[in-house]
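The values are calculated or read from the model by the stated rules, or taken from the named source; none is laboratory data. Quick caveat: nothing in here was measured; it's all calculated off a predicted structure. In this analysis, Cβ positions are derived from the backbone assuming ideal geometry, glycine residues included, and neighbour counts consider all displayed protein chains.
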Amino acid sequence: MDLNYTSEELDFQQEIRGFFAEKLPESLSAKVKSKKRLTKADCETWHAILNDAGYLNAHWPEAFGGKSWNAIQRDIFDVEGSAFGAPRVVPFGVNMLAPVLMAFGSEQQQQHYLPRILDGTDWWCQGYSEPGSGSDLASLKMSAVREGDHYVLNGQKTWTTLGQYANWIFCLVRTAKEGKPQQGISFILVDMDTPGVEVRPIILLEGTHEVNEVWFTDVKVPVENLVGEENKGWTYAKYLLAHERSGIAGVGDALAGIEHLKHIARDQKTDGRPLAEDPLFSARLAEIEIDLSAMRTTNMRIMQAAADGAPPGPEVSMLKIKGTVLRQSINDLTRRALGPYAMPFVSEALDVGFNEEPIGPDYANPVSADYFNHRKTSIYGGSNEIQRNIISKMMMGL
Amino acid sequence: MDFNHTDERQMLADMVGRFVTDNYDIESRHHHAASDVGYSQEVWGQLAELGVIGALFDEADGGFGGTGFDIAVVFEQLGRGLVVEPFLAGLMAGTILAQDKNQQELLDALLSGQSVVALAHGEPGSRYSLSHVETSATASADGFVLNGNKAVVISGDSADHVLVSARLSGAVDDAEGLSLFIVPRDADGVHVRGYPTVDGYRAAEIALHDVHIGSDSLVGEQGNGLALLDKANAAGTLAVSAEALGAIEVAIDMTLEYLKTRKQFGVPIGKFQALQHRMADMMTEREQIRSAVINAAGHLHTDQRDWHLSCLKNLIGRSGRKIAEEAIQMHGGMAMTWEYAVGHYSKRIVMIDHLFGDEDYHLKRIMTLGSAA
Ligand SMILES: Cc1cc2nc3c(=O)[nH]c(=O)nc-3n(C[C@H](O)[C@H](O)[C@H](O)COP(=O)(O)OP(=O)(O)OC[C@H]3O[C@@H](n4cnc5c(N)ncnc54)[C@H](O)[C@@H]3O)c2cc1C
């Protein structure tokens, strides 16, 4: 064991810092740091910058044009990026679909879709959940019926994150009704411009449009859009979920959140002294830092155990739970740090172009909305209850 | 001891409860909240006519209630409907106006629903402190001149009058030297910036620039402001805690109903023990909160008031938040939507932590006050 960075790792860290310092546009980092809403164009701009630098897919295996970054390199990139205020990469194409295509897609699919993911031609969204199938994903009903060289799709997906920006959706569909539900699922790629696809917004509890319903009425999809084999989709679906969860610890985000919270706590006063000096507040903050320090190492240990390009095992469920709960507790403590100024919320102030004076301190407006919005993290990506079921079943044999 | 309400008080609770059930579904609530003033003047008028405002005040002041239990039962029912009408502002301002017989006319207008009065006390730097007041009052030939900034004034943009705390003497945190002044909201030099709160209510930042008021604007004795504020603050703390209890009841009921009807893996999700135990804990915490409301209501006018209020408010911050978060979690994605009501209940429960001192503020106060006698 050696907790010191090697000289290569130190060089790597310098390289990454140089990249963020030079290439991350001030306009983007300012938005991220002040928690303004990012537009579609913002996400695309950052995506392109990362791609130009070869960092967008650096975690992909070298065989597919990546750099096969290991867990330490990923951690450095994540932590430095968050510290600089880099936007989060929209994960559906580059972190979720791509690994599935590399492992199970045809060569033709790989050659067609992977470059389009990288150059931003396609914005992917995730068509897993249905109104009746959330935690019990395998019970999904949306049907795909083979007719000649097409599948005809009917049904509904829901909670589709950023579906309003996407032009492609990967869907789990039912291609057989016999046997176990898991055995009749297929994984299929759908161009959202196909007639019969309709996207309807769902507004979240704090007023944002982040997720959607996607309806499918007699949507004709060419058979070559099927990934892997018919009725084998469940295997691919789980492989994708493991990749989805692998970035989920959110170490960089948590570290940046704590820095932001400390900044607020130095500014807020209680009994005439900075909140940061308040013993109760400090104790709560210290507990979060203790958990985070351990989690950063847990994250690297678990990610290091995964082979190049392969997803981590069921251990990743521990990261999902710890990572989401930890960031939720940072959101919670940040809310409390504001005192009465946690209450005002002017939604328009989250958009660029809002020029009125802030209400209260300039950091206050997004905090409570963020706290409520982040309740989603323990629900999506497989709820934390489902993660506990996985840990107790798969890791402990209970 | 007797843990039953008197018949009259039970009737009051039932009456408010019925009004809320019959007239105040979540859609009309959102509709009222989104209107210019942030509430429905019609509903406010109806509730005033039913005597719901009057129930918050003593007979001597023109009301017919005014005990801790009256306040608690009314606000618990209001919390069940997430009622946005300006009851909290009315309770606090009214509690202060009631201390000065010269203000009876305005208090009567408030009780009848004709007038909305907001208490403008908190300031940008005061957090939860009651004595931290920078706003100044200086004596003039025919009254006073006010200068300063007031923060997060509940219902401040829809009130016709604001009750302003200001300092005639002393340093910023002194307990002495505070007085209260009643100011028409449209007086020269009063600048009101209204805005919504994240849980659907309205508040305002109020700037006072050389606001000239007559000597009859002084409410209560000069320099005795803190005592009046303390009364209003206590009533407000009890009220929002009872309101949180009402919201908690609904959030738990909705979650329970959802657990019985939502099916995954071929069974209602309520069959999963992982959820059953947490539901059981939520129910237990709800009863703990109900007991704390009873304790605080019963001690609103005793010398143990502050201890019981702080116990209650700490529990609301601590267990209330837990319940609010669990209600969302156990619903899954459904609770994250604007359309489904439970998220709005959760938002209110958590935001009540930011009124009159949060969980930690009251924990510290309990540590200072020591054990109850
Ligand atoms: C903001 C947001 C974004 C999302 N984005 C996407 C997306 O882009 N694409 C997509 O496909 N999906 C997305 N989802 C959907 C998400 O994956 C589901 O919400 C999640 O799987 C839970 O399903 P559900 O909401 O139907 O809850 P349910 O499955 O109905 O669960 C309700 C509650 O029951 C619990 N529960 C269920 N089964 C068990 C059990 N066996 N044991 C113990 N407890 C159990 C759950 O943990 C939860 O607390 C998103 C969700 C949200 C909120």
- prompt: Which of the following residues is in a strand (DSSP E or B) and either within 11 Å of the ligand (Cβ to nearest atom) or without any contact (Cβ under 8 Å) to a residue 12 or more places away in the chain (or both): A:E198, A:E210?
  reply: A:E210
- request: Report, by residue number, each residue of segment B:1-37 that is more than 29 Å from B:P196 (Cβ to Cβ) and in a helix (DSSP H, G or I).
  value: B:D7, B:E8, B:R9, B:Q10, B:M11, B:L12, B:A13, B:D14, B:M15
query: How about segment A:130-141: which of its residues are more than 11 Å from the ligand (Cβ to nearest atom) and either crowded, with 17+ Cβ neighbours inside 10 Å or not assigned by TED's automatic domain parsing to the domain that holds A:T208 (or both)?
result: A:A138
task: Hey, can you tell me all the residues within segment B:325-341 that are surrounded by 19 or more Cβ atoms within 10 Å (Cβ to Cβ), facing chain A (nearest Cβ under 9 Å) and within 24 Å of the chain's Cα centre (by Cα)?
output: B:E325, B:I328
message: On the basis of being buried (at least 16 other Cβ atoms within 10 Å of the Cβ) and charged (D, E, K, R), does A:E348 make the cut?
response: no
message: For segment A:58-132, give me every one of the helices (runs of 4 or more DSSP H) that falls completely inside it and has 3 or more residues that are over 16 Å from A:P311 (Cβ atoms).
response: A:71-84, A:107-118
query: Looking at (1) away from the ligand (no atom under 16 Å from the Cβ); (2) among the polar types (S, T, N, Q); (3) modelled with pLDDT of 95 or more, which is the only condition A:N355 fails?
result: (3)
Conditions (1) at pLDDT below 95; (2) closer than 30 Å to B:A171 by Cβ; (3) more than 12 Å from chain B (Cβ to nearest Cβ); number of the one not met by A:D271: (3)
query: Would it be correct to say that A:R335 is at pLDDT 95 or above, within 25 Å of B:G333 (Cα to Cα) and within 15 Å of the ligand (Cβ to nearest atom)?
result: no
- request: Answer yes or no as to whether A:W168 is within 17 Å of the chain's Cα centre (by Cα), more than 14 Å from chain B (Cβ to nearest Cβ), more than 8 Å from the ligand (Cβ to nearest atom) and buried (at least 19 other Cβ atoms within 10 Å of the Cβ).
  value: no
- prompt: Which pairs do you get when a residue that is closer than 14 Å to A:K322 by Cα, found in segment A:377-389, comes within reach of a residue that is more than 6 Å from the ligand (Cβ to nearest atom) and among the hydrophobic types (A, V, I, L, M, F, W, C), reach meaning Cβ atoms under 6 angstrom, with the pair 6+ apart or on two chains?
  reply: A:N384/A:I321; A:Q387/A:I321
query: Which residues, counting only those in segment B:191-219, are away from chain A (no Cβ under 14 Å) and crowded, with 20+ Cβ neighbours inside 10 Å?
result: B:L208, B:V211, B:I213, B:S217, B:L218, B:V219
Complete set of residues in segment B:218-265 that are within 16 Å of the ligand (Cβ to nearest atom) and assigned to a helix (DSSP H, G or I): B:A251, B:I252, B:M254, B:T255, B:L256, B:E257, B:Y258, B:L259, B:K260, B:T261
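Matching residues to (1) assigned to a helix (DSSP H, G or I); (2) assigned by TED's automatic domain parsing to the domain that holds B:V152; (3) within 16 Å of the ligand (Cβ to nearest atom):
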{"position": "B:S310", "(1), (2), (3)": "yes, no, no"}
{"position": "B:I316", "(1), (2), (3)": "yes, no, no"}
{"position": "B:A327", "(1), (2), (3)": "yes, no, yes"}
{"position": "B:H331", "(1), (2), (3)": "yes, no, yes"}
{"position": "B:E339", "(1), (2), (3)": "no, no, yes"}
{"position": "B:F356", "(1), (2), (3)": "no, no, no"}
{"position": "B:Y361", "(1), (2), (3)": "yes, no, no"}
{"position": "B:K364", "(1), (2), (3)": "yes, no, no"}
field: Residue that is within 12 Å of the ligand (Cβ to nearest atom) and out of contact with any His (no Cβ under 8 Å at 6 or more places or on another chain), where the choices are A:L205, A:L162
entry: A:L162
- prompt: Hey, does segment B:261-268 have a residue that's under 19 Å from B:I349 (Cβ atoms) and assigned by TED's automatic domain parsing to the domain that holds B:K322?
  reply: no
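Condition check: in contact with a Ser or Thr (Cβ under 8 Å, 6 or more places away or on another chain), more than 19 Å from B:V162 (Cβ to Cβ) and touching a residue at least 40 places away in the same chain (Cβ under 8 Å). Does B:D70 satisfy that?
no
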message: What's the total number of residues in segment A:171-195 that are away from the ligand (no atom under 16 Å from the Cβ) and more than 14 Å from chain B (Cβ to nearest Cβ)?
response: 11
query: If the Cβ limit is 9 Å and pairs must be 6+ apart or interchain, which residue in segment A:148-167 that is among the acidic types (D, E) pairs with which residue that is surrounded by fewer than 16 Cβ atoms within 10 Å (Cβ to Cβ) and part of a strand (DSSP E or B)?
result: A:D149/A:P222
Conditions (1) at the interface with chain B (Cβ under 10 Å from one of its Cβ atoms); (2) more than 16 Å from the ligand (Cβ to nearest atom); (3) of a type in the set (G, A, S); number of the one not met by A:S378: (2)
Subset of segment A:111-129 that is within 16 Å of the ligand (Cβ to nearest atom) and of a type in the set (S, T, N, Q) - its residue that is surrounded by the most Cβ atoms within 10 Å (Cβ to Cβ): A:Q126
field: Criterion violated by A:E259 - all others in (1) crowded, with 18+ Cβ neighbours inside 10 Å; (2) in contact (Cβ under 8 Å) with a residue 24 or more places away in the chain; (3) out of contact with any Gly (no Cβ under 7 Å at 6 or more places or on another chain) satisfied
entry: (1)
